[in-house]
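The values are calculated or read from the model by the stated rules, or taken from the named source; none is laboratory data. Bear in mind that the values here come from a model prediction, so they are computed numbers and not experimental data. Cβ atoms come from the backbone with ideal geometry, glycine included; neighbour counts cover every protein chain shown. Only protein heavy atoms, including side chains, enter the accessible area calculation; ligands, DNA and RNA are left aside. Shrake-Rupley method; radii C 1.70, N 1.55, O 1.52, S 1.80 Å.
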Amino acid sequence: MNSGITVGVQKKESESGSVLPIGKIKLTDANGDVFTDLAGALAYVQEFTDAVITETSFADGVFYFTVPANTEFLKRDSFCSVYLSAQELQFEDNSGLVTAFDNFAFLQNTKNNIIGDASFKEQAFFASTGNNTLGVCTFTGSNCFGASTGNNTLGNCIFEKGNNFILAQGDNTLGDCQFDTVTVEGSNFNSSSGNNTLRNCSFNGTGDFSTSTGNNTIADSLFVGDAAFWGATGNNTFGICEFQGAEAFRQSTGNNTFASNSKILGVDSFTQSTGNNVFGNMCQIGNSCFALATGNNVFGKNCNFSGANFYEVTGINVFGKSCVFGNSDFSNSLGTLIFADDCVFGDGCFSPFYGDEIILKNLTCGSDFLAVANPNIKVSIYKIVSCGSNFCLDFTGRIDITHALGNDSTATLPADIFTTANICSIHIPNALQYNNGGIPDGDLVNLLANVTNPDSLITYD
């Protein structure tokens, strides 16, 4: 379909003063590198097409001409390319009459070109430096816009192969584009340094934006392959995006911001990352993410974590209200972890834990929670709503339960809570608020029986 780019009727006075129609396409050779007159300009265009060329005129290095709609420039390759010493030519087809170009079109071209709906083959716009505007285009080759430095604008484009925009330095704007629709080469925007803006794009290959350094703004986009943003150093802002492949943001160092409802579903995402990331509400995180991460991360409310996340994580990590965690999250975690109200944990979370501090509010958890834990500072829990067996098994160090054990004066928690022979310092300032005629809270009775080291300090009132 046509992109709808049009211009009005143009006319030019001849030397005799009569008015001549000006063609719809403008091809400029300001330096005279390729052509210097009408005959030379016409001959150049005829190298690329057998289409009928009408409404021709030439003046001051500018060649105007018209070709029929849907004309293809496939007679030979390298249109406006350095390979034919034509990199200084500027092509402006506001009417979108030319719809196909062969290999190496606009390779190392230096000008700002305007093209309608068209198809391109290998290395189109590779190492180009101009700011190009394109309609609805299909790129059947790879390495298009690779190493380019211009600021290009594209919409509804399809890139069938990979390695497009690799090493690109410009600030490109893309909307509704699809990458790797035929192959899964990936590596689009790999090692790019520009600040790109993308909306509603899909990437099917691997390594897209890996080792990129620019600050990109990406909204409503899908990354299917592995290693998206692996080793990226830029500070990226994401709208509602979904990352399905493994190892997204692995070893990344940038500070990224994710909108609510974002999905990071692949395993090992953010492993060994060092950046500070902010996530909105209701985000979904896959398995084994944030292992060995050292940055400070903030998550909004109602986020969901599949399990085995935050292994040996350091830094300060903050989680909003009603987050849900899978099994074995925070194993061997370090640093400081802060949780808002009503978070729910699966089995084996914080088992073991050797970090600085954990701050929890209303706690609901599975079995083996804080088993073999030894915090550097302490664990602070507002209320243990419910827990599985082996809660704080073999716990060492300080833990504060500042509101309540369980939900009433009976033993509502498992009888084996706090089974440990290690030295503990347990502070429960409101342990006796649930009592029945002076009888201590049932869960407190079990706790006192299970902490067996005589050097442990248990303070309650």
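Counting only DSSP beta bridges with both residues in the stretch 25-181, the antiparallel share comes to about 40 percent. Charge tally for residue 37 (other residues, Cβ to Cβ under 12 Å; Lys, Arg +1; Asp, Glu -1): -2. For the chain, adding -39500 (n - 2.57) for each run of n ≥ 4 DSSP H residues and dividing by the number of residues yields -1000 deg cm²/dmol at 222 nm. Across the chain, Cα pairs under 8 Å and at least six residues apart give a relative contact order of 5 percent. For the chain, the share of DSSP beta bridges that are antiparallel, to the nearest 5, is 15%. Near residue 394, the amide H atoms lying under 5 Å from its own belong to 372, 419, 420, 421; only residues 5 or more places off or on other chains count, and H is placed 1.01 Å from N.
If you sort the three axes of the alpha carbon gyration tensor as a ≥ b ≥ c, you get a/c under 1.5 for the stretch 201-292, which makes it rounded.
Taking a probe of 1.4 Å, how large is the accessible area per residue of the chain, in Å²?
On a per-residue basis, the chain sits at 38 Å².
By the Stokes-Einstein formula, at 1.002 mPa s and 20 °C, the stretch 316-362 with its Kirkwood radius over alpha-carbon pairs has D equal to 202 µm²/s.
Over 27 Å between Cα atoms: which of 263/383; 161/301; 26/161; 301/383 fall into that group? Correct reply: 263/383; 161/301; 26/161. Amide H to amide H, with H built 1.01 Å from N, residue 345 comes under 5 Å of 325, 364, 365, 366, counting only residues 5 or more places away or on other chains. Our coupling estimate for the stretch 160-167, obtained by passing each phi through the Karplus curve with A = 6.51, B = -1.76, C = 1.60 and θ = phi - 60°, is 6, 10, x, 6, 7, 6, 5, 6 Hz, Gly and Pro reported as x.
A protection proxy built from the mean count of other Cβ atoms within 10 Å ranks the segments 305-312, 47-54, most packed first, as 305-312, 47-54.
Taking square-rooted eigenvalues a ≥ b ≥ c of the alpha carbon gyration tensor, is the chain rounded, prolate or oblate, where a/c under 1.5 means rounded and, failing that, a/b exceeding b/c means prolate? Prolate, since a/c reaches 1.5 and a/b exceeds b/c.
Once the chain from residue 354 to residue 416 is taken as fully extended at 0.36 nm per residue, the excess over their C-alpha distance is 20.1 nm.
Per q in 0.14, 0.23 1/Å, what log10 I(q)/I(0) does a Debye calculation on the alpha-carbon atoms of the stretch 289-370 return? Computed log10 I(q)/I(0) values: -0.36, -1.09.
In a reduced charge model with +1 at each Lys and Arg Cβ and -1 at each Asp and Glu Cβ, the chain shows a dipole moment near 480 debye about its Cα centre.
Over all other residues within a Cβ to Cβ distance under 12 Å of residue 389, the charged ones net out to -3, with Lys and Arg as +1 and Asp and Glu as -1.
Database remark: amide H of residue 119 closer than 5 angstrom to the amide H of 100, 101, 138 (H placed geometrically; neighbours at sequence offset of 5 or more, or on other chains; Pro and chain starts carry no H). Share of the chain's accessible area from carbon and sulfur, percent, 1.4 Å? Solvent-exposed carbon and sulfur of the chain make up 49 percent of the total. The stretch 107-174 and the stretch 323-340 have Cα centres lying 44 Å from one another.
For the stretch 327-431, the fraction of C-alpha pairs more than 17 angstrom apart is 46%. Classification of the stretch 261-311 by its C-alpha gyration tensor yields an oblate form. The axis ratio a/c (a ≥ b ≥ c) is 1.5 or more, and b/c is at least a/b. Within the shell of other residues whose beta carbon sits under 11 angstrom from the beta carbon of residue 162, the net charge comes to -3, with Lys and Arg scored +1 and Asp and Glu -1.
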